[in-house]
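Input: a single structure, listed below in structure tokens.
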């Protein structure tokens, strides 16, 4: 059986490719017949001389390169948490994607441009008590794009909702 498509799962800042949330998403992708990869951005995140969030441009370049190669082979879904969600949205404007899955997306991020993303099926999971990104801002971002939005009783890390996030990801993949 050939894969249904490919998922690129991008971890958040000060996290890594083996983080709990992206690991849970990888397990979902595999179970549903999607191949997946989890780029490691820890080296560029450590470049805090570039910005307090590391080298965001290098993160974008790394994801863009992975996504271009994957999109040439078939359907692609980009997923990410926090900074990983922001870069997933931005790269979706440059590379054809079938869907987006964004956890705790920073719709506004300091000096960076606001979050933008391709007009594709999008699912968002966000914590009502996110201490970095106001839930109201995420609702306002998701509303005009009619994104599937799951607001949970949690903070930015969504640590109490890993399973709920994985289930939301499964619903997105199953719908594509």
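Please specify each residue of segment 146-175 satisfying the condition of being under 21 Å from residue 95 (Cα atoms) and surrounded by 16 or more Cβ atoms within 10 Å (Cβ to Cβ).
Once the filter is applied, which keeps residues that are under 21 Å from residue 95 (Cα atoms) and surrounded by 16 or more Cβ atoms within 10 Å (Cβ to Cβ), segment 146-175 yields 147, 169, 172, 173.
Looking only at residues that are in contact with a strand residue (DSSP E or B) (Cβ under 7 Å, 6 or more places away or on another chain) and in a helix (DSSP H, G or I) in segment 1-45, which one is surrounded by the fewest Cβ atoms within 10 Å (Cβ to Cβ)?
30
Looking only at segment 46-60, which residues are loosely packed, with under 14 Cβ neighbours inside 10 Å and closer than 19 Å to residue 118 by Cβ?
Matches in segment 46-60: none.
What is the residue count in segment 100-133 for residues that are more than 15 Å from residue 165 (Cβ to Cβ) and in contact with a helix residue (DSSP H, G or I) (Cβ under 9 Å, 6 or more places away or on another chain)? Before you say what the answer is, go through the steps one by one.
Residues of segment 100-133 more than 15 Å from residue 165 (Cβ to Cβ): 106-121, 129, 131-133.
Within this subset, residues satisfying the condition of being in contact with a helix residue (DSSP H, G or I) (Cβ under 9 Å, 6 or more places away or on another chain) are 106-109, 112-121, 129.
Number of matching residues: 15.
Residue-by-condition table, conditions (1) free of Cβ contacts under 8 Å to residues at least 24 places away in the same chain; (2) more than 18 Å from residue 10 (Cβ to Cβ); (3) touching a strand residue (DSSP E or B) at 6+ places or on another chain (Cβ under 8 Å):
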residue	(1), (2), (3)
124	no, no, yes
136	yes, yes, no
142	yes, yes, yes
146	yes, yes, no
149	no, yes, yes
160	yes, yes, yes
166	no, no, no
173	no, no, yes
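Each reported figure results from applying straightforward, stated rules to the coordinates on display, with no laboratory input. None of the values given here were measured: they were computed from a predicted structure. All Cβ positions, even for glycine, are placed from backbone atoms using ideal geometry, and neighbour counts span all protein chains on display.
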